[in-house]
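Accompanying notes for the structure given below.
The values are calculated or read from the model by the stated rules, or taken from the named source; none is laboratory data. Quick caveat, the model's predicted, so the values are computed rather than measured. Cβ placement follows ideal geometry from the backbone for every residue including glycine, while neighbour counts extend to all protein chains displayed.
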Amino acid sequence: MLTDYHTHTPLCRHAEGDPVDYARQAQALGLAEIGLSDHNPMPEPFDNWRMDLGDLPRYFELVDEARTALPDFPIRLALECDYLQGREDWIEKTTAMADWDYLIGSVHYIHDGIAVDDPQYLARWSSASDIEAMWAAYWRLYEKMIRTGLFDFYAHPDLAKRFGLRPAGDLRPYYEPVIQALVDTQGVLEVSTAGLRKDVREIYPAREMLEMAFSAGIPVIINSDAHCPGDVGADFHQALDLVRSVGYRQTLRFAKRRRQVVDLPETWPPH
C-alpha cells in the first residue's frame, strides 16, 4: 500500500478541509497511512502561507482529533520546513517542539523573500539568462538543504519548473550536485503529483532526474502535497507508473523519524 505524507491544513491559510477529512479520504482510497505536514511556523511574521507559532498547539489538537476519530488508521505528525540559508538553528529548535514522525525539507525562497512558485515574481524570469540564474540559485540551495541532514525527505524537487520555466539544453548539471548530496547523506526524494495540478502539468521531479536518483540508489516516496481532502492520493497511479518504469520496487514509511522499507504495489488503486 502507498501512503501520502505531504498534506496541509487550514492553519496555513491556503488549504481547506478538516484534517480528519484528509485522513478519511486516504482511508477510502486504500492508502496505508497519512501524514499531516503543514508549513512550519517561524519565530516572527514571515509570509502569509504558513501557520503562526501560536497556532502550533491547535495544530497538535487537530492531529489528535483526527487520530481519535480514526483510531485504527495511522496518522503521522510532521511539518514541511522551508530551508532558509542561515536559519538552520530555527529548524533545530523546531525539531524539539514535538515528537515528529518526520520533517520534510523544501526550498521555495531563493533570495530576498522571492519564491520560485509565487506568480507575482514571474516577470523577473523573462529572459533565458534570468531563468538560468533562478535555476542555479534554486538548486544551489536545494543541495545545501540536503547537506544539513535536518530533514527526513525532500519535497517537490524541481519546483523551479512550476510555471514551465526551464533553461535550454541538458539539465543534468543542475541535478548532479543534488543527487550526490542525497547519496552522501542517505537522503530520500519525494515524487510529487502536485506538479500535475500546476501550470507545468508534470510530476516533480522530471523523469531524467528520477532515473539519476534510481541509478544512485536514492529512495523515493510518493506524495500529493494535498491542500484539500480531494487532493489526497491524487494521480498516484501516474506517479506509481513513473517510478516503477524507472525501476523502483520499494518505498519508505516513517514513524518517530525512523524509516521502514516497504514494497511498492504493482498497480494503483490496489485490486
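Observations on the structure shown:
- Residue within segment 138-152 that is in a helix (DSSP H, G or I), without any contact (Cβ under 8 Å) to a residue 40 or more places away in the chain and polar (S, T, N, Q) present: no
- Output for segment 97-122, where each listed residue is in a helix (DSSP H, G or I) and either within 15 Å of Arg50 (Cβ to Cβ) or of a type in the set (Val, Ile, Thr) (or both): none
- Cross-chain or 6+ apart pairs with Cβ under 6 Å, segment 55-71 first and of a type in the set (D, E, K, R), then assigned to a helix (DSSP H, G or I) and buried (at least 16 other Cβ atoms within 10 Å of the Cβ): Asp55/Leu11
- The single residue among Ile110, Ile75, Ile114 that is of a type in the set (Val, Ile, Thr) and within 28 Å of Arg258 (Cα to Cα) turns out to be Ile75.
- Subset of segment 56-102 that is under 20 Å from Glu16 (Cα atoms) and among the small types (Gly, Ala, Ser) - its residue that is surrounded by the fewest Cβ atoms within 10 Å (Cβ to Cβ): Ala69
- Residues of segment 199-216 that turn out to be without any contact (Cβ under 8 Å) to a residue 40 or more places away in the chain and either of a type outside the set (Phe, Trp, Tyr) or surrounded by 20 or more Cβ atoms within 10 Å (Cβ to Cβ) (or both), as a count: 11
- Any chance Pro229 is under 21 Å from Asp184 (Cα atoms) and buried (at least 17 other Cβ atoms within 10 Å of the Cβ): no
- Residue match in segment 170-190 (condition: modelled with pLDDT of 95 or more, within 24 Å of Thr267 (Cβ to Cβ) and among the aliphatic types (A, V, I, L, M)): yes
- Output for segment 153-165, where each listed residue is outside any loop (DSSP other than H, G, I, E, B) and touching a strand residue (DSSP E or B) at 6+ places or on another chain (Cβ under 6 Å): Phe153, Tyr154
- Against the criterion of being farther than 28 Å from Val262 by Cα and touching a residue at least 24 places away in the same chain (Cβ under 8 Å), Leu2 does not qualify.
- The lone criterion from (1) outside any loop (DSSP other than H, G, I, E, B); (2) surrounded by fewer than 22 Cβ atoms within 10 Å (Cβ to Cβ); (3) aliphatic (A, V, I, L, M) left unmet by Ala168 is number (1).
- Neighbours by Cβ (under 7 Å, 6+ apart or cross-chain): first from segment 30-53, without any contact (Cβ under 8 Å) to a residue 40 or more places away in the chain and charged (D, E, K, R); second in a strand (DSSP E or B) and crowded, with 16+ Cβ neighbours inside 10 Å: Arg50/His39
- A count restricted to segment 11-38 and to residues that are closer than 23 Å to Asp82 by Cα and among the basic types (Lys, Arg) stands at 1.
- Pairs, first assigned to a helix (DSSP H, G or I) in segment 81-94, second surrounded by fewer than 14 Cβ atoms within 10 Å (Cβ to Cβ), C-beta under 9 Å, six or more apart: Trp90/Pro43; Lys93/Pro43
- Close Cβ contacts (under 7 Å, 6 or more residues apart or on different chains) running from residues in segment 220-238 that are of a type in the set (Asp, Glu) to residues that are modelled with pLDDT of 95 or more comprise Asp225/His6; Asp225/His156; Asp225/Ser192; Asp225/Ala194; Asp231/Ser224; Asp235/Thr193; Asp235/Leu196.
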